[in-house]
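The structure is given below, and queries will be raised subsequently.
Every read-out reported here was derived from the displayed coordinates using simple, explicitly stated rules and does not represent laboratory data. Given the structure is predicted, the values throughout are model-derived calculations rather than measurements. Every residue, glycine among them, receives a Cβ derived from its backbone with ideal geometry; neighbour counts consider all protein chains shown.
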Amino acid sequence: MDGTQSTARIFDVEVTHYPEDGVWVGICDDLPFATEGDSYEALVNRAWLVAPEMAVENKVAPADGFDLRFIHRSAAIAAE
């Protein structure tokens with residue numbers, strides 16, 4: 001390792017956008033938590049508020065010893 005790579009545990013947050021409801025939802029099964037925001041940025045900020053407490057409470061990582069990886073998948077919707 002060259003010293004620039006993190007050795008912190010990585011937790012995946014699955015992100016889904018529900019445009020009809022105007023909400024972004026993030027779910028992390030491993031910490032675990034689910035949260036939402038009215039924009040992608042708001043969701044990311046909210047996840048970083050919730051995640052440290054959940055990591056410690058569930059004894060999966062220290063509050064400052066992990067990374068979150070946000071995974072947003074979207075599907076093409078056929079035009080009518």
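Restricting things to Cα coordinates, could you compute the convex hull volume per residue of the chain in Å³?
116 Å³
Also, I was wondering about something else. Compute the helix-to-body angle for 40-57: its Cα long axis versus the longest principal axis of the chain, expressed 0 to 90° and rounded to tens.
Rounded to the nearest ten degrees, it is 40.
If we count other beta carbons within 10 Å of each Cβ, what is the order of 53, 36, fewest first?
Neighbour counts put them in this order, fewest first: 53, 36.
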